[in-house]
Each structure stands twice: as C-alpha cells, then as structure tokens.
Amino acid sequence: MTIQDTIQQAIQQAVSELYQQSIGEVVLQPTKKEFEGLYTFVTFPLTKALRQPPAQIGQAIGEWLKANSPVVSAFNVVQGFLNLSVADSAWIDTLNDIAAHENFGQLPAKGESVMVEFSSPNTNKPLHLGHLRNNFLGDSVSRILKANGYDVKKTCIVNDRGVHICKSMLAYKLYGNGETPESADMKGDHLIGKYYVLFDRAYKGEVEQMVAQGTPKEEAEKTAPLMQEVQAMLRRWEQGDPETVALWKKLNDWVYEGFAVTYKTIGVSFDKTYYESNTYLLGKEIVQEGLEKGVFYRKDDNSVWIDLTDEGLDQKLVLRADGTSVYITQDLGTTELKDHDFHTDRQIWVVGNEQDYHFNVLFAILRRLGRAYAQNLYHLSYGMVDLPTGKMKSREGTVVDADDLIRETTEAAATAADEAAKGKMDEFSDEEKQALFQMLGLGALKYYLLKVDPQKRMQFNPAESVDLHGNTGPYIQYVHARIQSVLRKAGDMGLTSTGAAMATELDDVEQQLVFQLSQYPQRVAEAGADYAPSYIGQYAYELARTFNQFYDRLSILKETDSVKLQNRLVLAEAVGKAIKSAMGLLGVDVPNKM
C-alpha cells in the first residue's frame, strides 16, 4: 500500500470516529508550493454533511491524523484545505519497499491480450522521419502495455502492392538500365526510392505539357501516358503476368534488405509481418460477402461501394470498376487475418492522423459485417512530423531518410558529448565511443519524438535533440551514467547500496525523490491507459532533474554520517533503476559511463 493509500484510508477512519459518518472516495491533491506539506485534502465538500465550517473540519481531521497515523508528521489548515506532511519513517519504509522490488513498475498480469500494428512501410521508398515517429511510438506503446500486464503482439503490414509500388517499378523499367544496390552502392530501399522520385518528375512533366496544350489539369493527371501505363502494370500484376511479378519480387527484395538494416539499428522487431499482396484477395472475398449480405452495393460501372452517410461519414469505394483493390480492401483482409492468427482482445493501429477518416470507415464496415472483434478496434492517431523547412513529401524527394537522420544525430551527439566530456572520452576505446555515440544519438531521436503528446503535430529540431541540458534524451542518459559512477566509486570504497535504508531525518529533496519513485507504477498505468509514452518521458525527465538537485545539494560519498550515507546510496541506486526502466519503456538504452 502506498503512502497516499494509507493517508486516504486514515482520513476515512478519522471521519468515521470523529463524526460517526462514512465518506466515499478520498481525493488527495498535491499541496501548493507556497504551503508546507505534500498532500492536500479539501474539506469544503464535507461541510453540509458534517455541519461544521471547512477549516474546523480540517483542524479536527489533522489533529486525529497526527495522533493516530504514523505516516502523517504535521499538518496545517488554510481555510478548507488540510495540508499534510509525511513522516520521514514513512519515506524510509517506502524507499526500502521500492529497493526490494525486483521489477518495480511492472504491473500484475491482466489476463488480456493486445495487438499493436505499426511501421506500415511502402516498398517504394526507405523509412523516413515520419516512419521513425511511427516506429518509436508503436514500439514504446507495446513496451508500456506489456509493463501494464498485457500479453502484447507486435505486427507490421507492408504495403507492397498497388499504384504507388507500380510507379517505382515502371520508372526502374524505363530508366534503370539494370542498376542494382551493389552497382549503385546504395541500400536497396534508397535505390527504389530514387526511382519513385524519378517517376514523379517525369509524370509531372507530362501533365504540365498536356495542360499547356489545353487539356484540363484533372483530366491530364488521369490520362497522362505514364499514369495509364502504371494502371496497366497494376492490372498485369493482379493477373499474375510473369515478367511484371518477377520485376516486383526483385525490387521488393532489395527494399526488404534495406528495411532489415534500419529496423535492427533502431531496435524494432515484430512478432509477425503481413504483406498486402497476401491479404488483398481475402479482402476481396469479404467484399463479396458484404455484397451478398447487402452491406455493399454495386454501381453501374461495376465498382463496389458502401453508404455510411447515416454514421456521419460518406459513400466509400471498396473495389474499383476494373476489379482491382483499394486500401480499404486489403485492410479488411488484414484485420480478419490478424484476428484469425492471434485472437487478441484488442487491436491497435499506430497510423498518422491523415488516416483518421480511413479508420472510421474501416471500423464501421467491420461492425456492419457483424465481426465480433469490431468493438475492440482502436486507431492510435498521431500528428505528423515537420522539418524546419516544412512538410516532407516522398514523391518530391524532400523527406529526411531515417538512415541519414540516425547518422547525423549520432554525429551531433558525438560532438556534444566530446565537448561536455572535456577530455574524459580519451578513457574510451574507439569501439566504446562508437557504441556510446550510437546510444546517445538514438536516445536523442527516440526521446525527442516520444516526449510530445502523440496527437500533436511536431517539428523535429536535430540540434535541440542532442543537447545535454534540458528535457532531452542525452540529459537523462547522462544522469543515469552519473549515478552509476557514484555507485562504482562507492564500491571502490567498500560501500554498498544493497542494504536497507535506515530511519533518520531526510532532506526535502530526498523526500521528493522517494515520492517521485513511488509514483512510477501509477505513471506506467496512466501511460498504458492513454497510450501515451510522453507520460513516461516526462516522468523520467522530472526524476533525473530532481536527482541532479539532490546531487548538487547533498554530499553522497563525502557524507560522514553512516546512516545518511547508506540511505543516499540506496536512494541513488533506486533512482538509477527507475530511470533505466522508464527509458527502457521508450526503447532508449542508458549508458553506465559517459
């Protein structure tokens, strides 16, 4: 039971004994900084039932708590606010409970399963900055849900077919001249991304020429020769044309090799990867089922639609007139297949907010089809990531490739660490330096993209992300390394942090650290309930910042009082473990030495 739980129960008992009445849930709030105390109980709501002024009620409850609760050391009343201070002995007991807990922050098993689908790359381009936010968010939410006691399955759907894929294929067929990743000295995903950009440039040139000759722009975009050939290539692919399928397989294999390198670098993995090329046919079967049930209807041009206007949506195309699939077709098939494979209690999609409407439609269709799992589907919508120069566009070649960004951030982190170390990096071997800089660079990227509320659109600032001061990943990583340095030095002195903390007077900053540590399980629970890694990021930063205040104000290794020294070592180790655990929920590793 936490200190907060103990105080809440004690207040209920106080009211019962003092007024022979029972009250429901007791709500405590943080005491305002200008008043002494940690928790505040508001007595105004009790005045009618207890028939006393709020200040008098607060005084009576405060006196009862001080006399009867070993947790409450002092109190003060400001009008209807009862401010409570916590006894040092209670903090010591709490610290010892935390220190003895091997997996502090890991909540009990829920007996429920959750699937998190994220990444969702296209095989016509490499992963970019926007994909990084998606991957980091999906991976972190998966880790947080696991810490909340859920059985978590991580899946990825690869968009490996369709018009956008055929654009790269056609450009390679027209302009490739047999180029390979080896001959170009490029990762396969980067090479195919190059041809996606080449297609867009050539296509725009055709459209501009047709418009100049008097063709309306909308008509030109549909009838441009390159677009006509892309549509024809998609039809040949769906018909199984051997030459088209062989080209598709070759280019996709190059892309997958490139993806694998990036996923390994960023520490992201999946329990199962689905491919649109394997699921869109199942989607077509579901469309046929929907036609037979009257959920869908066919227009005169043979295209298939659903009318969702009564749900505030629109009429939605689910199959083209020529029989080819659209995005919603494959998503129907993939969702069905995921439920068949895993039977999870909940499915979550981590997809940008540009697809909000798409998922509203998908979920509405599945409900109308009578799927039992349709009530437990959730779209974790997140805002796009912009650069200081504006929005990124893959087809125009204005994206920041994930590999390039990781390299640049790692280099920036190396420069920042070298400047801050003032020669101490000479103690590291070249391999140790590279491993540290990679850890700092990835930590900077992940933390910067996860510390923001997922729903907010954000701008990525590389220079800010690697700053060793302020609310950044490297700052928190540095605090962890500082703690480990203290513990190593303590070990060299024959001191240990594995014993129990002992009763003594605690400084305010020590109390604050224990309080923050005690809040960790609650923050994990809140982050899991709201799918919000930003809660964990903020917690890790606040804990690291308070530890730095503690480190600056109080001596640890030079403390002459053996009891205080032991307590501070126990406290430091507990903080280090909590920082490592919290950052681990963000997918961020922390160094033991910097």
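The values are calculated or read from the model by the stated rules, or taken from the named source; none is laboratory data. In this text, all values refer to a predicted model and were calculated from it rather than measured experimentally. Note that each Cβ is placed from the backbone with ideal geometry, even for glycine, and that neighbours are counted across all protein chains shown.
At-a-glance table
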item	result
Unmet requirement for Arg488, which otherwise passes all of (1) in a helix (DSSP H, G or I); (2) of a type outside the set (S, T, N, Q); (3) surrounded by 14 or more Cβ atoms within 10 Å (Cβ to Cβ)	(3)
Search result, residues across region 185-221 that are touching a Lys or Arg at 6+ places or on another chain (Cβ under 6 Å) and under 17 Å from Cys166 (Cβ atoms)	Gly193, Tyr196, Phe199, Asp200
Residue in region 421-438 that is crowded, with 20+ Cβ neighbours inside 10 Å, on the phi < 0 side of the Ramachandran plot, of a type in the set (Gly, Ala, Ser) and touching a residue at least 24 places away in the same chain (Cβ under 8 Å) present	no
Helices (runs of 4 or more DSSP H) wholly inside region 186-295 that include at least 1 residues being assigned by TED's automatic domain parsing to the domain that holds Ser325 and touching a Gly at 6+ places or on another chain (Cβ under 6 Å)	188-212, 242-266, 276-293
Sole exception among (1) part of a helix (DSSP H, G or I); (2) within 29 Å of Leu506 (Cα to Cα); (3) charged (D, E, K, R) for Glu36, by number	(1)
Single condition Glu526 does not satisfy, out of (1) within 27 Å of Ala416 (Cβ to Cβ); (2) in a helix (DSSP H, G or I); (3) not polar (S, T, N, Q)	(1)
Among (1) free of Cβ contacts under 8 Å to residues at least 40 places away in the same chain; (2) touching a helix residue (DSSP H, G or I) at 6+ places or on another chain (Cβ under 7 Å); (3) charged (D, E, K, R); (4) closer than 21 Å to Val158 by Cβ, the one test that Asp331 misses	(1)
Among residues of region 296-345, those that are closer than 28 Å to Val116 by Cβ, of a type in the set (A, V, I, L, M, F, W, C) and not in a strand (DSSP E or B), counted	7
Failed condition for Ala74, given (1) under 30 Å from Ile348 (Cβ atoms); (2) part of a strand (DSSP E or B)	(1)
Subset of region 275-289 that is closer than 17 Å to Gly370 by Cβ and touching a residue at least 60 places away in the same chain (Cβ under 8 Å) - its residue that is surrounded by the most Cβ atoms within 10 Å (Cβ to Cβ)	Ile286
Breaking point among (1) modelled with pLDDT of 95 or more; (2) among the charged types (D, E, K, R); (3) within 30 Å of Gln512 (Cα to Cα), for Lys153	(3)
Within region 86-134, tally of residues that are under 19 Å from Val514 (Cβ atoms) and part of a helix (DSSP H, G or I)	13
Residue check for Asp253: out of contact with any Asp or Glu (no Cβ under 8 Å at 6 or more places or on another chain), within 30 Å of Ser140 (Cα to Cα) and at pLDDT 95 or above	yes
Region 207-250: number of residues that are among the acidic types (Asp, Glu) and modelled with pLDDT under 95	1
Matching entry among Ala10, Ala87, Ala67 (being hydrophobic (A, V, I, L, M, F, W, C), loosely packed, with under 15 Cβ neighbours inside 10 Å and at pLDDT 95 or above)	Ala67
Search result, residues across region 257-274 that are in contact (Cβ under 8 Å) with a residue 24 or more places away in the chain and surrounded by fewer than 18 Cβ atoms within 10 Å (Cβ to Cβ)	Glu257, Val261, Thr265, Gly267, Ser269, Asp271, Lys272, Thr273
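The rows are residues; the columns are (1) within 30 Å of Ala402 (Cα to Cα); (2) in contact (Cβ under 8 Å) with a residue 40 or more places away in the chain.
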site: Leu445; (1), (2): yes, yes
site: Tyr448; (1), (2): yes, no
site: Phe460; (1), (2): yes, yes
site: Gly473; (1), (2): yes, yes
site: Ile483; (1), (2): no, yes
site: Ala490; (1), (2): no, yes
site: Thr504; (1), (2): no, yes
